[in-house]
Amino acid sequence: PMWHLDHTDARVAVFAHAGTNGVLLCQLLGLEPVPWEWDRFVTHHASITRLSTMEMRDGYTFALNRLSDVEHLPRDARTL
């Protein structure tokens, strides 16, 4: 989908469970939601998922740059 953004340099952080994050990702990426979102976008506990905006025509779209990154955590602290 095309989004019209007033502030393209703004950053937003969302802390939520896998299902909520999956619904948000679907909405921003323009994917049809399904009842099992946590299985579509499998994410680890305390992981980081990153999106960025891309200018297209007269608006913006979102791109998925990183999904469920856990490199900031020590190996023994990583779980599902």
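Within segment 14-43, residues that are farther than 18 Å from F62 by Cα and touching a residue at least 24 places away in the same chain (Cβ under 8 Å) reach partners that are in a helix (DSSP H, G or I) and among the hydrophobic types (A, V, I, L, M, F, W, C) with beta carbons closer than 6 Å, at six or more positions or on different chains, in the pairs A18/W38; T43/A18. Pairing each residue of segment 67-78 that is at negative phi with any residue that is of a type outside the set (A, V, I, L, M, F, W, C) and surrounded by fewer than 15 Cβ atoms within 10 Å (Cβ to Cβ), provided the two are 6+ apart or on different chains, yields C-beta distances under 7 Å for V70/R78. Residue count for segment 44-66, restricted to those that are in contact (Cβ under 8 Å) with a residue 40 or more places away in the chain and either part of a strand (DSSP E or B) or under 15 Å from V23 (Cα atoms) (or both): 7. Quick one: in segment 1-53, of everything that is more than 23 Å from R78 (Cβ to Cβ) and among the acidic types (D, E), which residue is nearest to the chain's Cα centre (by Cα)? Across segment 1-53, the extreme among qualifying residues is E32. Provide a single number: the residues in segment 1-39 that are surrounded by 11 or more Cβ atoms within 10 Å (Cβ to Cβ), touching a Cys at 6+ places or on another chain (Cβ under 9 Å) and acidic (D, E). Going through segment 1-39 one residue at a time, the tally reaches 1. Restricting attention to segment 67-77, does a residue exist that is among the polar types (S, T, N, Q), part of a strand (DSSP E or B) and either under 10 Å from the mean Cα position of the chain (by Cα) or surrounded by 13 or more Cβ atoms within 10 Å (Cβ to Cβ) (or both)? Looking through segment 67-77, at least one residue is among the polar types (S, T, N, Q), part of a strand (DSSP E or B) and either under 10 Å from the mean Cα position of the chain (by Cα) or surrounded by 13 or more Cβ atoms within 10 Å (Cβ to Cβ) (or both).
Values quoted throughout were computed directly from the atomic coordinates according to the rules given, and no laboratory measurement underlies them. Quantities reported herein were computed from a predicted structural model and do not represent experimental measurements. As a convention, Cβ positions derive from the backbone with ideal geometry for all residues, glycine included, and neighbour counts pool all protein chains shown.
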